[in-house]
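Worksheet for the structure shown next.
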Amino acid sequence: MKKAMSLILAGALCLTLCTGALAVSGFSDVPDGKWYTAEIREMTAAGYIDGYEDGTFRPDGDVSVAEFVTITARCLGFETGAEYGHWAGRQMGNAYDWGWIDEQDAQWTQFNEPVSRQLAAKILASALGLEPGGEIPYADAVDVEQNYVGWVGAVCSAGLIEGFEDNTFRPADSTTRAEAAVAVLRTKQAGTAE
């Protein structure tokens, strides 16, 4: 009986230690040493962005317009919640009212579409109150749509969104979950520093 009880206690201790190690290390698909690891851990620990029930974060997954606005609003301390029949309706309504986005960027029916890198730039710059302008120091600067040029320039100048190793910005590409975590945390830090 003692031996069985010892085995049960040892098993429980092992399970506790393994669970604790998983919580400390983070998500199964966010290894140490990646360019986004620290930011994802900080953002998820603060409750600004969530992982998935299977223990993954999916750093290369796309972020929708609604998700990006929600992460930004949460991080900057703005109200979020369901409204207008959508889980992100309150923050989306505010984003339209505050000029973070407009109907040309995303119509009310397009909340779940992936957010482009150039639209993410507009949302972040608008949320911080940055003036449009600044240099876009990337080889594909001419690919930025005209109505986003000032916003992309602003976030590049502020260091909120960076380009890629091949010296491109890729403005029309979807923003990934890792990119969103890094850019929004930088936005929070920039807003706190002001």
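The values are calculated or read from the model by the stated rules, or taken from the named source; none is laboratory data. Nothing here was measured: the structure is a model prediction, and the numbers come from that model. When we count neighbours, we look across all protein chains shown, and the Cβ atoms used for this are built from the backbone with ideal geometry, even at glycine. For the accessible areas, the whole protein counts, side chains as well, though only heavy atoms, and no ligand, DNA or RNA atoms are used. Shrake-Rupley method; radii C 1.70, N 1.55, O 1.52, S 1.80 Å.
With respect to GLU103, is the statement that it is out of contact with any strand residue (DSSP E or B) (no Cβ under 8 Å at 6 or more places or on another chain) and free of Cβ contacts under 8 Å to residues at least 60 places away in the same chain true?
Working: out of contact with any strand residue (DSSP E or B) (no Cβ under 8 Å at 6 or more places or on another chain): yes; free of Cβ contacts under 8 Å to residues at least 60 places away in the same chain: yes.
Answer is yes for this residue.
Table: residues versus (1) in contact with an Asp or Glu (Cβ under 7 Å, 6 or more places away or on another chain); (2) aromatic (Phe, Trp, Tyr); (3) within 28 Å of THR37 (Cβ to Cβ).
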| residue | (1), (2), (3) |
| --- | --- |
| GLY89 | yes, no, no |
| ILE101 | no, no, no |
| GLN118 | yes, no, yes |
| LEU128 | no, no, yes |
| PRO132 | no, no, no |
| TYR138 | no, yes, yes |
| ALA154 | yes, no, yes |
| THR187 | no, no, yes |
| THR192 | no, no, yes |
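Is it true that ALA73 is free of Cβ contacts under 8 Å to residues at least 12 places away in the same chain, open to solvent by less than 80 Å² (accessible area, probe 1.4 Å) and either part of a helix (DSSP H, G or I) or closer than 17 Å to ALA180 by Cα (or both)? Walk me through how you get there before you give the answer.
Details: free of Cβ contacts under 8 Å to residues at least 12 places away in the same chain: no; open to solvent by less than 80 Å² (accessible area, probe 1.4 Å): yes; either part of a helix (DSSP H, G or I) or closer than 17 Å to ALA180 by Cα (or both): yes.
When the stated conditions are applied, ALA73 does not pass them.
Restricted to the stretch 105-118, and to residues that are modelled with pLDDT of 95 or more and among the polar types (S, T, N, Q), which residue is surrounded by the fewest Cβ atoms within 10 Å (Cβ to Cβ)?
Per the criteria, the residue is SER116.
Can you tell me how many residues in the stretch 77-104 are open to solvent by 50 Å² or more (accessible area, probe 1.4 Å) and either of a type in the set (Asp, Glu) or closer than 22 Å to GLY150 by Cα (or both)?
Adding up the residues that qualify gives 7.
Would you mind finding the one in ASP166, ASP140 that is modelled with pLDDT of 95 or more, open to solvent by less than 40 Å² (accessible area, probe 1.4 Å), of a type in the set (Asp, Glu) and over 17 Å from the mean Cα position of the chain (by Cα)? Break it down into steps so the answer makes sense when it comes.
Details: ASP166 fails: open to solvent by less than 40 Å² (accessible area, probe 1.4 Å).
Selected residue: ASP140, the only one of ASP166, ASP140 that is modelled with pLDDT of 95 or more, open to solvent by less than 40 Å² (accessible area, probe 1.4 Å), of a type in the set (Asp, Glu) and over 17 Å from the mean Cα position of the chain (by Cα).
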